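I have placed the structure first, in the form of C-alpha cells, so that the comments after it can refer back to it.
None of the figures in this text is laboratory data; all of them are computed from the coordinates on show. Predicted model, so just to flag it, every value in this text is computed and none were measured. Backbone-built Cβ (ideal geometry, glycine too); neighbour counts: all protein chains shown.
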Amino acid sequence: MILKRIIEDKRKSLEELQLNIDDLKRRCETALPPKDFYSVLRREGISIIGEIKRASPSKGVIREDFPHVELAREYEGAVEAVSILTEEEHFKGSMKYLKDIAQEIDTPLLCKDFIFTREQIYLARANGASSILLIVRILEEELLKELLTCARSLGMEPLVETHTEGEVKKALEAGAMIVGINNRDLSNFTVDIRRSIELRRNIPEEVVVVAESGIKSRSHVALLEEAGIDAILVGETLMRSRDLVGTARELRGVTTKVKICGIKTPQEVEILNRCKPHYTGLVFAPSKRQVDRETSKELRERLHPSIKTVGVFVDEEYEEILNTARYCKLDVVQLHGREDTDLCRRLREVREFKVWKALPGETISDYIIENYSQVADYLLFDSITPGGGKTFHWERIKDVHGNIILAGGLAPYNVGEAVKKVRPSIVDVSSGVEGSEGKDYSKILRFIEEVRKYG
C-alpha cells in the first residue's frame, strides 16, 4: 500500500532529522507572521490554491525543470494561496522550497506533507508556512485535535484532508474550519472528481471546503462551484502548463479582464508583475503619467509576458502612432482623443496590434457607437474628463453590445458594482489604485479580487 510506505519512510526521515522542539519554537518567534489562510479561501467566488509539486508516486516526475521560486512568483496574483510539497522521498519536495518561497512572495503558503508530530508543525511555521495539511486518514482523533490546537497556537488554520463521509465527520468533530476533500484515494491513487460534490452536502456553510486532485478543466471547476465548493487545490494541471497565469485564469473562468493604466517606473512594473493584470497602459499623451518611447520600451521589457501593453495616444498623427507602436512592441493602440474613423481603420489594417477607441460615456450616441465599432477592436467608455477619477452613469451603456471597456472613476470599492451592471470585457483603472507614491500593490490586488468576484 503506497500510503503506508510513505508514512514509514517519513517516520524514518524524522528520526534522522532529530528535530528539537525548543529550537524550532525559537525559530518560529523570528519568522514572518502567518497570513490568514482561512479568509483568503473564504472570499466570494472560487479560490485557487496553486501547487508547487515536482513529482508524485502515481505520475512520476511532473516537471523536470523546477525553478521553484520563479514558479511561485508566477502564481502570485493569479491564485489566492500556494501549496508547497515538502515530502522528499516520494514527491521530490523539500522544506527548502517553502523557506525560499516564503522570502519572495506575500501569498499565503500551505505546507503540504504527511504531518503527524508537533515538531513538523513548528518546522513548517519556522520556514514560512501560513497553513499545514493534516490528513485525517493517518491521524487518530485525539492526535488530530492536538495538532489542530498546536497549529492554531502558531496562527495557522490547517487544511484538514478527508476522502470519505466518516473522515469528514471526524474532521468536523475535531473542530476543523477548512476541510479538504481529496478526490484521489490515497490507498490506490485513483481519482473521482464527484467525490467532492457528494461530500460537500455534509459540511456546514461556515467551514471552508477545498476540492483536491483531478481538477483539469473549466468544466470541472464549474461543477464544483455549482456544488458550493469554496476553493480548489490544483497541482498537476498547473505544473504541466507552460503558462501558469493563463491556465489559472482559464480554470477560474473570469470573463472581465483588468487594465492598470499609467505606469511610469520600474517599481510600478514590479507591482504589476506580482498582481498580474491582463493589460497595462503606457501614456504617450501629455499628462502627469506621460512616458517617452525609451522609458516605455524599458518598462515593456521588464513586464511579465502575460501582461499585454497598451499605448495611449491623444490626437496623434498616424505615422507617430505606428512608429511608437512598433518601437515599443505594443500589443494595443488606444486612441483617447477626437480621432476619426478613418484613422482607426488605417491603424487596424496594419494588423500588428489591436485598436481601442475611447468615447465619452455620458454623451455618446448610438450612431457614433455603430460607426466606431466597425473600425475598432474595442470601444472604451470613459468619463468626459479622462483620468479625473470621476464616474459616469453606467446605465447609459449597459445595453451596448460587443467588446466594451469601462473606465472612469473605477476603484476597489465600486468596480464590482460596475461589472455587475455593465458586464464589460475589460475594466480600466488608474487613479483608483494609486497611493501617494504611485500605483499601490494592495489597492491593485483588491481591485482584481473584486473583478474576480463579479466578472
Percent RCO, i.e. relative contact order, over segment 372-439, from Cα pairs under 8 Å lying at least 6 residues apart: 32 percent
Quick shape check on segment 2-252: root eigenvalues a ≥ b ≥ c of the Cα gyration tensor, a/c under 1.5 is rounded, otherwise prolate if a/b tops b/c, else oblate, and it reads rounded
Give the aspartates and glutamates reachable from Lys390 as a straight Cα distance under 17 Å; neighbours fewer than 8 places away on the same chain don't count. Glu362, Asp382, Glu417, Asp428, Glu434
As a test of the formula, what do you get for the chain when each DSSP H run with n ≥ 4 contributes -39,500 (n - 2.57) and the sum is divided by the residue count, at 222 nm and rounded to the nearest 500 deg cm²/dmol? -11500 deg cm²/dmol
Take every DSSP beta bridge with both residues inside the chain and express the antiparallel ones as a percent of the total, to the nearest 5. 10 percent
Going down the table (Lys99/Lys297; Lys329/Lys443; Lys35/Lys169; Lys420/Lys443; Lys170/Lys420), which pairs top 31 Å between alpha carbons? Lys99/Lys297; Lys170/Lys420
Here the Cα Rg-to-2.2 N^0.38 Å ratio for segment 167-289 is 1.43
Among beta bridges assigned by DSSP with both residues in segment 2-252, the antiparallel ones amount in percent, to the nearest 5, to 10 percent
What ranking do Lys421, Lys170, Lys112 get, fewest neighbouring Cβ atoms within 10 angstrom at the top? Lys421, Lys170, Lys112
Global form of segment 3-61, assessed from the alpha-carbon gyration tensor, a/c cut-off 1.5: oblate
Report, please, the projected area of the chain averaged over directions, based on the convex hull of its C-alpha atoms, in nm². 22.5 nm²
DSSP-defined beta bridges in segment 257-454 - what % are antiparallel, rounded to 5: 5 percent
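Is the C-alpha gyration tensor of segment 257-454 telling us rounded, prolate or oblate? Criteria: a/c under 1.5 is rounded; beyond that, a/b larger than b/c is prolate, otherwise oblate.
Here segment 257-454 falls in the oblate category.
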Sort Leu14, Leu134 by Cβ crowding within 10 Å, fewest neighbours at the top. Leu14, Leu134
Summed side-chain charge close to Asp23 - residues other than Asp23 whose Cβ falls under 15 Å, Lys, Arg +1, Asp, Glu -1: +2
